[in-house]
Amino acid sequence: MKKTVFSGMRPTGKLHLGHLVGALHNWVRLQDTHRCIYSVVDWHALMGEYEHSQNIKSHIMDMALDWLACGIDPERSIIFVQSEVPEHLELQMVLSCLTPLGWLERNPTYKEQLREITTRDLQTYAFLGYPVLQAADILLYKATAVPIGEDQIPHLELTREIARRFNTMYGKQVFSDCEAILTPTPRLLGLDGRKMSKSYQNTINLSDSPEDIYSKVKNMMTDPKRQRLKDPGHPDECNVFSYYKVFAPAKELEVRDWCENARKGCTECKKILADEIIEYLRPIREKRLKLEASQDYVRAILKKGAAQAREIAALTMAEVKAAVFK
Ligand code: TRP
Ligand code: SF4
């Protein structure tokens, strides 16, 4: 029996290269070894975006298109939209009864977001409970492996604590422990050298056209010590070089040589990088364009996924209710 993987992403906009190397590659690979369940977690998106909820629907479709284009395979994995499986909210309710407020208030991710996100009012009841819904997502499918980024480790820790508390309180081993699968790939920075994020507008999106990619890469910052073509560069201090390492590792030595020995200028170096990224994304972009033209097919996949997910979810909820109400 294969282990179950669960992961989710909030539909808040088009996916970018950071999502690809930070998560999706991992998700695609896991399909070979695990039973994978991937959810577009729209309730989680609503917790942050409740003032702009009109965009969530189109983001759900964008996310499904990006996933399928990247190789998430609906024949092998279950992909679905969280709000189409009402059991997520049922389990959240049960788990929220036994989650002490202190656990949520102490959560470092929560505290950081309250501090840093000033454009939205996140002082809400639901947002404090964000990790409880996340725990419900995972436990509903009894997933034991959860591919996540490092920032999500506190949430997974809470999931384990909530699961243990449930089992002890109701005297039944309904839930097992889950563990994080962290992505091995090094983090890719945004075009400006900060964290890659939609809100910084420093992303290359999976759906960007070649023209978009040329102009975005052209404007990337390079080694600031290299002012003129004949100045030797320092590739290890250049974000462009770190992109080569991820998207064209076969060229790494060659780039180091032309940079350190001032054989090529930064403009040309970036033009070549743009070509590499465009080639790298070509199959994804082509598949995405095809899928965009058949959105009914994509909706059918999500519908089937929700039905498959519900079958599992209903079994767990029956067990949960039997344990709670005896
Ligand atoms: N909180 C996660 C994030 O922002 C998204 C998420 C929701 C999730 N439910 C999940 C991730 C369950 C893993 C498992 O990235
Ligand atoms: Fe960066 Fe390339 Fe310029 Fe070197 S040549 S500093 S790697 S952009």
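Read-outs throughout are calculated quantities, based only on the coordinates presented, and are distinct from any laboratory measurement. Because the structure is predicted, anything quoted here is derived from the model rather than measured. Please note: Cβ atoms are built from the backbone with ideal geometry, for glycine as well, and neighbour counts cover all protein chains shown.
Would you mind getting me the FRET efficiency between Ala300 and His234? Use the beta-carbon distance for r and R0 = 41 Å, nearest 0.05. Could you put the intermediate results ahead of the total?
Details: r = 52 Å, r/R0 = 1.26.
The value I calculate is 0.20.
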Given contacts defined as C-alpha pairs under 8 Å and at least six residues apart, what's the relative contact order of the chain, whole-number percent?
23 percent
Relative contact order as a percentage, the range 124-242, C-alpha pairs under 8 Å and 6+ apart, gives 18 percent
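Pull out the extension gain between Glu260 and Arg282, defined as 0.36 nm times the separation in residues minus the alpha carbon to alpha carbon distance; nm, one decimal.
Working: separation 22, 0.36 × 22 = 7.92 nm, distance 3.01 nm.
So the chain would gain 4.9 nm between Glu260 and Arg282.
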Could you work out [θ]222 nm for the chain from helices alone, using -39500 (n - 2.57) per DSSP H run of at least four and dividing by all its residues? Round to the nearest 500 deg cm²/dmol.
-16500 deg cm²/dmol
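Rank by packing, highest mean first: peptides 194-202, 126-134, 313-321, with packing defined as the count of other Cβ atoms within 10 Å averaged across residues.
Numbers: 194-202: 14.0, 126-134: 21.1, 313-321: 16.1.
Averaged packing, sorted descending, gives the order 126-134, 313-321, 194-202.
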